[in-house]
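The values are calculated or read from the model by the stated rules, or taken from the named source; none is laboratory data. This one's a predicted model, so the numbers in the text were calculated from it and none came from an experiment. Cβ atoms come from the backbone with ideal geometry, glycine included; neighbour counts cover every protein chain shown.
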């Protein structure tokens, strides 16, 4: 855990958040600045700055993030279309440097994204 990381503070309960899902490995909650009608963040409890820090030991955890994101999208009524997004670094648009996955849906998505 990083003491300055806002997501670590949410995980620790230092910053209140209404969690949609939590278990020993991951938590999920609605984004406070949604970019789509449904915008959920899925984050590991383990602090990693971004996808570039994922190691082979994290493969199961990463699979769990993707599976949970897809399950939450379906539960939110997005079975007909949703997007899972991870950014790595400022140039990619990452603003919180704790690995997280955006689950976006509820509107038509365009390509290329951004």
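Here residue 17 passes the criteria (1) more than 22 Å from residue 110 (Cβ to Cβ); (2) exposed (fewer than 13 other Cβ atoms within 10 Å of the Cβ); (3) modelled with pLDDT under 95 except the one numbered (2).
Is it true that residue 79 is part of a loop (DSSP other than H, G, I, E, B), under 18 Å from residue 109 (Cβ atoms) and either modelled with pLDDT of 95 or more or touching a helix residue (DSSP H, G or I) at 6+ places or on another chain (Cβ under 8 Å) (or both)?
Taking the combined requirement at face value, the residue satisfies it.
With respect to the stated conditions, residue 63 fails to be in a loop (DSSP other than H, G, I, E, B) and surrounded by fewer than 17 Cβ atoms within 10 Å (Cβ to Cβ). When you scan segment 91-100, do you find a residue that is at pLDDT 95 or above, surrounded by 18 or more Cβ atoms within 10 Å (Cβ to Cβ), in contact with a strand residue (DSSP E or B) (Cβ under 7 Å, 6 or more places away or on another chain) and outside any loop (DSSP other than H, G, I, E, B), even just one? No: zero hits.
When each of 20, 40, 11 is tested for being free of Cβ contacts under 8 Å to residues at least 60 places away in the same chain, on the phi < 0 side of the Ramachandran plot and touching a helix residue (DSSP H, G or I) at 6+ places or on another chain (Cβ under 8 Å), the lone residue that passes is 20.
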